[in-house]
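Structure, as structure tokens:
The values are calculated or read from the model by the stated rules, or taken from the named source; none is laboratory data. Bear in mind that the values here come from a model prediction, so they are computed numbers and not experimental data. Here the Cβ is made from the backbone with ideal geometry for all residues, glycine too, and neighbour counts use every protein chain on show.
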């Protein structure tokens with residue numbers, strides 16, 4: 001009779017052990033401790049950037065600090081520090097600066113630096129690993145090209161970001177200010193001919209900008225020719241030689257060839273920007289999803305204010 005009792009005892013022990021293994025709560029992650037010195041440093045960074053030092057701004061800085069710590073831990077778990085050439089060079093340089101002899105090779109110095117724990121205290125190594133971990137998490141966003149539907153949806157959602165100002169395409173002939181009479185005479189000759197800008201060959205003086213100018217907005221014209229020239233060009237009628245128009249350099253005869261009104265840029269002209277925008281949105285979404293998973297159950301310890 002003791003044999004059935006023994007079997008039941010062994011079975012009970014096994015079930016009890018299985019319950020302890022499978023039903024026990026997983027170990028809690030190590031808390032993130034933000035020291036008083038680091039908290040003061042965050043306040044100093046906010047002050048240097050000119051931002052407000054209110055509770056909301058400080059909470060955002062603390063959140064970024066916690067996220068960096070979690071990414072750093074994740075990078076160490078994945079061993080990103082063991083095959084990184086930047087980390088290796090940094091640790092070797094640290095020991096050489098500390099007085100390691102020239103007879104020591106990089107491999108032995110790197111091993112010693114890791115044994116001393118220098119890879120856990122160097123801020124450059126930390127930033128490098130956080131950066132690499134971000135790139136690893138964001139890599140999935142670049143694995144698949146955005147679809148045409150995604151690009152079109154982004155184009156509609158960002159309609160205000162793709163507005164183009166009115167622009168002007170024109171031909172200009174330059175004359176120095178002391179040759180104003182020559183500019184007037186050239187304008188009369190050109191106006192007397194039925195041909196357009198192609199009749200201007202041989203007219204004008206050498207100039208740093210070409211005669212044929214591409215489509216440009218008022219701000220672009222102001223940067224290239226000066227504000228007065230840009231404003232004057234807006235009121236010139238197309239298809240006729242006008243001027244002289246004064247610029248920051250001198251005088252110009254101008255033939256307006258084309259004007260495009262203000263409006264949305266064509267889809268194809270901003271396709272590359274839309275692609276980058278979709279990928280950036282994917283990267284941000286994937287990174288935030290992983291950070292949310294890493295934050296789960298992590299206690300953040302912040303020193304109490306006196």
Qualifying residues in region 79-97 (those that are touching a residue at least 24 places away in the same chain (Cβ under 8 Å) and within 12 Å of residue 128 (Cα to Cα)) - the one surrounded by the most Cβ atoms within 10 Å (Cβ to Cβ): 87
Qualifying residue in region 230-239 (condition: modelled with pLDDT under 95, in contact with a strand residue (DSSP E or B) (Cβ under 6 Å, 6 or more places away or on another chain) and outside any helix (DSSP H, G or I)): yes
Residue count for region 264-300, restricted to those that are in contact with a strand residue (DSSP E or B) (Cβ under 6 Å, 6 or more places away or on another chain) and either at positive phi or free of Cβ contacts under 8 Å to residues at least 40 places away in the same chain (or both): 0
In region 213-228, the residues that are within 12 Å of residue 169 (Cβ to Cβ) and exposed (fewer than 12 other Cβ atoms within 10 Å of the Cβ): 214
Some residue of region 48-69 being outside any helix (DSSP H, G or I) and surrounded by 14 or more Cβ atoms within 10 Å (Cβ to Cβ): no
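Just need a number here: residues in region 253-306 that are in a loop (DSSP other than H, G, I, E, B) and either under 30 Å from residue 136 (Cα atoms) or modelled with pLDDT of 90 or more (or both).
Of the residues in region 253-306, the ones in a loop (DSSP other than H, G, I, E, B) are 261-262, 265-266, 296-299, 302-306.
Within this subset, residues satisfying the condition of being either under 30 Å from residue 136 (Cα atoms) or modelled with pLDDT of 90 or more (or both) are 296-299, 302.
Residues that pass the stated criteria total 5.
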